[in-house]
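Colleague: Below: one structure in structure tokens.
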Amino acid sequence: MERLRLVKLSYYYFPTSHWSRMVSLCIAEKGLSPERHFVDITTNANFAAEYLRINPRGVVPTLVHNGETICGTERICRYLANFDGPQIQGGDAAAGWADRLSAVRMMHVSYRTWIDQGGHSGSRLADKVSRASQYALDYPDLRDHYERKRAFFENFIAEIDDPIYMSGVYEAVRNLLATLAEVVADQPFIDGESWSKADAAATPVLYRLRDLGLLDGLAGDAQPALASYLERQMERPSFAAVFVEDPFLNR
């Protein structure tokens, strides 16, 4: 496969975003130094018209390489694998696990937990709905994109407020963690002896669950294997670069 040449690489992200962290880990493992653009999702900067013209979904992260825009966390990771540097793609098992871990409804789990803890996440979600509705009027050329965002957040709010729906989300997470623990109990990485994009997907999931205080309860008997695996990932230089030393973490 022909390797990509790095001429101009721009990276739009929010440093503590679950999906941004997956891409940021891949960037760090590849040793790349893109031009970084801070997209403050806490103030809805991803709703700005100029950002939607880059990424029509208005989500982070986004990669722009020599004028070509690449959206979607999994797609960006696949794209990054084509640059010179350490291998991050992995085999079929890595690809399968990256897909499964990327599909975890961490946004649901995170917001439900933050709301239950008494934060302002509920009002922020309501603001996203009203903001999308207003922007649809303010920017007619982007109306369809804003209408999709409004519908997404209206549906999202209904889902996290539905105990039956969230019960299914938590059960899916438990089952996934149990299976993942079996994989990492006997090998250093998900793909065996080598780090891959599957580990880039797993690390933010486990770290977020731990940060929310949910890992022990959801993992059950799988907790020791998963905790040991997470500790191994936290010892990697890429973890420090993404979770500790990112230039935008303290903004």
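Where a number appears in this text, it was derived from the coordinates with a stated rule and is not lab data. It should be emphasised that the depicted structure is a prediction, and the values quoted were computed from it without experimental measurement. Here the Cβ is made from the backbone with ideal geometry for all residues, glycine too, and neighbour counts use every protein chain on show.
Colleague: For segment 173-188, in order, what is each residue's ³J(HN,Hα) by Karplus, 6.51 cos²θ - 1.76 cosθ + 1.60 with θ = phi - 60°, in whole Hz (x at glycine and Pro)?
Modeller: With the stated coefficients, segment 173-188 comes to 5, 4, 5, 5, 5, 5, 5, 4, 4, 5, 6, 8, 5, 10, 8, x Hz.
Colleague: Taking 0.36 nm per residue of separation and subtracting the Cα-Cα distance, what length does fully extending Thr42 through Lys8 add?
Modeller: So the extension gain works out to 9.5 nm.
Colleague: Nearest 5 percent is fine: what portion of the DSSP beta bridges confined to segment 9-80 is antiparallel?
Modeller: So the antiparallel bridges amount to about 65 percent of the total.
Colleague: Most exposed first by the Cβ proxy, i.e. fewest other Cβ within 10 Å, how do Lys197, Lys8, Lys128, Lys30 rank?
Modeller: So the ranking, lowest neighbour count to highest, is Lys8, Lys30, Lys128, Lys197.
Colleague: With the Cα gyration tensor of segment 200-251 in hand, convert its eigenvalues to equivalent ellipsoid semi-axes via √(5λ) and list them largest first in whole Å.
Modeller: Output for segment 200-251: semi-axes of 22, 13, 7 Å.
Colleague: Additional query: If r is the Cβ-Cβ distance from Leu249 to Leu137 and R0 is 51 Å, what FRET efficiency results, to the nearest 0.05?
Modeller: Step by step, r from the Cβ atoms, then E = 0.90.
Colleague: Report the label-to-label distance for Leu214 and Asp144 in nanometres (one decimal), using points 7 Å from each Cα along the Cα→Cβ vector.
Modeller: 3.4
Colleague: Let me ask something else. In the set (1) 16.2; (2) 14.7; (3) 13.7, which value of mean projected area of the Cα convex hull in nm² was calculated from the structure you see?
Modeller: This structure yields the entry labelled (3).
Colleague: Quote the relative contact order of the chain in percent (integer), defining contacts as alpha-carbon pairs under 8 Å separated by 6+ residues.
Modeller: Reported relative contact order: 24 percent.
Colleague: To the nearest 0.05, what FRET efficiency results for Glu193 and Met234 with a Förster distance of 25 Å applied to their C-beta separation?
Modeller: Rounded to the nearest 0.05, the efficiency is 0.85.
Colleague: For Lys128, list the lysines whose Cα falls under 18 Å from its own Cα; do not include residues on the same chain fewer than 8 positions away.
Modeller: Reachable lysines: Lys149.
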